Amino acid sequence: MSQLPIIAIDGPAGAGKSTVTKLVADRLGLLFLDSGAMYRAITWLVLEAQLALDDEPNIALLVDRAKIVLTKDKVVVNDVDVTEAIRTLAVTSKVSTIAALGVVRVALVKQQQEIGRQGGIVAEGRDMCTNVFPQAQVKIFLTASVAERAKRRQQDLRDRGQGDVSLLELEQSIAERDKIDSTREISPLQKAVDAVEIITVRLTIDEVVDAIVAMYRQVANK
Ligand code: DC
C-alpha cells in the first residue's frame, strides 16, 4: 500500500465526532482534519464581509482568496485566528447554508484531499466517507438522537462560557442543520454503504475511540 491508511468519520452535528477524532488521531499519531472548521471559517469570512448568503459570485471570489490554516488547536483564516469566533451561534446558525453552496464545496474538498494526499489522517465531517476520501480504509458513521446531541451541545456551550441556551432551542437548531446538511444537492450527509455505524448514546468516549483504533490496527497491521 503506497498510501498510509485513512480513517473517515461522518455524522450529524453534536454526535461527538470532534472529540473522538482528536483522541483517535492522538492515540495513533495521525493527522487530524476537522473539515467542518473549514466551512465555519468561510462562513465567518462571509459574515465579516457582510455578503448575502446566496451571493455565490462574491462568495466564490472570497473562497478563492481565502487561506485557511488548520493546526492542532488553532484555525487561522487570512492570518486571523478564528478558533473561537467560528464556534459562535452567529456562525453556527449560518454554516449549513454556506456549506451547501457548490462554489464553496468544490474549493474546500480540493484542499481537504490535498491535506490527506499521503494518508495517515483521521478526517471528520459530513462527506468524508462518501465523497472526499471514498478510498478510506476505515469508515465510520457516528450518530446519536437529536435530544442527546442537544444535551451535549448545551454542556459544550456552557463550558465555552457562551451562556445557557435552552434545550428546545438547541434541538430545533440541530434538527434544522441536520435537515439542510442531509437534503442539500451536493454531497449530502448520509451514511456511506460501507461505513460502520456507531450510535454514541450508551458508549463512553473511550469505548468509541477503542473501537475505531482497533479497526485501524486491523487494516494497518499495527
Ligand atoms: O462539524 P461542524 O458542526 O463543525 O460542521 C459545520 C457545518 O459544516 C455543518 O453544519 C455542515 C458543514 N460541513 C459539511 O457540509 N461538510 C463537511 N465535510 C463538514 C461540515
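Brief remarks follow.
- For segment 83-171, diffusion coefficient by Stokes-Einstein and Kirkwood Rh (Cα), 20 °C, 1.002 mPa s, µm²/s: 139
- Segment 133-211 shape via C-alpha gyration tensor axes, a/c threshold 1.5: oblate
- Debye-sum result for the chain in log10 I(q)/I(0), which assumes one identical scatterer on each alpha carbon, at q = 0.08, 0.11, 0.17 Å⁻¹: -0.27, -0.52, -1.30
- Between the beta carbons of residue 156 and residue 183, assuming R0 = 30 Å, the FRET efficiency works out to 0.75 to the nearest 0.05.
- Modelled this way, with points 7 Å down the Cα-to-C-beta line, the labels at residue 65 and residue 146 are 3.9 nm from one another.
- Restriction of the trypsin sites (Lys or Arg not before Pro) in segment 56-121 to DSSP coil positions whose beta-carbon has at most 14 other beta-carbons within 10 angstrom yields 67, 72, 74, 117.
- Theoretical gain in end-to-end length, residue 72 to residue 199 [0.36 nm per residue, Cα-Cα removed]: 43.1 nm
- Cβ charges +1 (Lys, Arg) and -1 (Asp, Glu), total dipole of the chain, debye: 460
- Taking the chain as a Gaussian network of alpha-carbon nodes connected by springs under 10 Å, the highest mean-square fluctuation of the residues 203, 45, 30 belongs to 203.
- Calculated FRET value between residue 48 and residue 93, using beta carbons and R₀ = 22 Å, to 0.05: 0.90
- Cβ crowding within 10 Å averaged over residues, with 76-85, 136-145 ranked highest first: 136-145, 76-85
- Residue 175/residue 106 FRET efficiency (R0 35 Å; Cβ-Cβ; nearest 0.05): 0.80
- Cα gyration tensor category, rounded, prolate or oblate, for segment 102-142 with a/c compared to 1.5: oblate
- Distance between the modelled labels on residue 3 and residue 167, one decimal in nanometres: 4.3 nm (7 Å Cα→Cβ projection).
- Distance from segment 36-115 to segment 163-222 (C-alpha centre basis), Å: 21
Readers should treat all values here as calculations from the given coordinates under stated rules, not as data from a laboratory. If you're wondering where the values come from, they're calculated on a predicted model, not measured in any experiment. Please note: Cβ atoms are built from the backbone with ideal geometry, for glycine as well, and neighbour counts cover all protein chains shown.
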